[in-house]
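To start, the structure itself, in structure tokens.
Computed from the coordinates by the stated procedures, all read-outs in this text should not be read as laboratory data. The structure displayed is predicted, hence computed values, not measured ones. Virtual Cβ from ideal backbone geometry, glycine too; neighbours counted across all protein chains shown.
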Amino acid sequence: MRAVERALWAPSVHNTQPWRWWVGDDVVELYADRTHHLVGTDPDQRDLVISCGTALHHLQVALHQLGVPTVTERLPDPENRDLLARVQPTSGPIEDRNAGLANAIERRRTDRRAFAGPPQPAQLRRLARHAAWCGAALHPVLGVTAQARLLAILGEASSRQREVPGYPAELAIWTRRYHEAHDGIPPEARTVQFPTHSLRQFPAGHLLAGPRPQTALEDTATLVILTTDGDEPLDWLRAGEATSAVLLVATQLGLASTPLSQATEVDHTRRQLAHTILGVSAHPQIIIRIGLPIDAAELPATPRRPLSSILLPRG
């Protein structure tokens, strides 16, 4: 139960927290909560499954810190598409690569402010290793030409989504939650202005953004694209686990991070990412913005639903 409660700190699209959990005597099962599906934003339910994958990885890391080695069965029941994973204790050693990551769970934040500088090459290599251990690849987008193309794709995705029926309403619903809501993106997590040209245009919030670059290419963050070999729900789940690993390691290294899913939510721009930016046959699943935080102040945590509200009844 302690590990599941820590898994609730995982990031999710618009902080929708689209998961439910069932806890037995020697098993934890992760279910998709499709009542929290964003139909206009996430037509394929890719974001929903990736979000659940981040929670799955958080659970594994939390259990390993408690000294519980685990075995994970992904999509274990073909007759139940909502059951995404089954995690059980096993014998054997704890995976060394998860050592210390649990200490980053409660400290990780999605930072939408300007960044103070890019990560070091060695830090990017470490992030890529952790993504690979989860079955994904991490591609830093470097060079002025590639960066300009990527920023153009991000802008196109934003323009296309504004025309999707229901998308503006979903954005409003999850950024203007009722008082003391346990989900969504509160004003304290949104900036008073858009600090970069690559971020989704949420309503203005209370967080000071820092200096805005004069041009999109002056943003000092590094954008990395996370890909998988396939593009099925199992790959999306793996991509979520890799995203969690990258974000937790970045936090451990003292880096700021922002998951960006907008360009992968639109079919056209997702294909452009693969063909125009990467030139590979792999499937882009999410973009992550990584850099040095603008200051050492801890950002406020976004709200989370209580454990009691996401547990499925036993029996």
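When the chain is treated as a GNM, springs tying every alpha-carbon pair under 10 Å, which of 143, 155, 135 comes out with the largest mean-square fluctuation? Checking each option, the largest mean-square fluctuation is seen for 143. With the chain treated as a Gaussian network of Cα nodes joined by springs under 10 Å, which of 81, 200, 46 yields the largest mean-square fluctuation? In the Gaussian network model the winner is 81. Think of each Lys and Arg Cβ as +1 and each Asp and Glu Cβ as -1; about the Cα centre, that makes the dipole of the chain roughly 700 debye. Mean residue ellipticity, 222 nm, helices only, the chain: the sum of -39500 (n - 2.57) across DSSP H runs of n ≥ 4, divided by residue count and rounded to 500, is -10000 deg cm²/dmol. With everything on Cα atoms, drop me the angle between helix 144-162 and the longest principal axis of the chain, reported from 0 to 90° to the nearest 10. So the helix axis and the longest Cα principal axis differ by about 70 degrees.
Average 1/r across all pairs of distinct alpha carbons in the chain, invert it, and you get the Kirkwood radius: 19.6 Å. Taking the 0 to 90 degree range and rounding to the nearest ten, how far is the long axis of helix 233-252 tilted relative to the main principal axis of the chain, both from C-alpha atoms? Tilt relative to the chain: about 70 degrees.
Volume per residue of the convex hull around the Cα atoms, evaluated for segment 2-107, comes out as 104 Å³.
Put simply, the C-alpha atoms of segment 121-291 give a gyration tensor, and the ellipsoid matching it has half-axes of 25, 19, 18 Å, longest first. Residue 133 sits among other residues whose Cβ lies under 14 Å from its own Cβ, and their net charge, with Lys and Arg +1 and Asp and Glu -1, is +2. Along the chain, the longest continuous region that contains none of the GluC sites (Glu not before Pro) in a DSSP loop with at most 16 other C-beta atoms within 10 Å is 181-297. Within segment 212-315, the trypsin sites (Lys or Arg not before Pro) that combine a DSSP coil assignment with at most 14 other C-beta atoms in a 10 angstrom radius are 314.
Helix 46-65 and the longest principal axis of the C-alpha atoms of the chain enclose an angle of approximately 60°.
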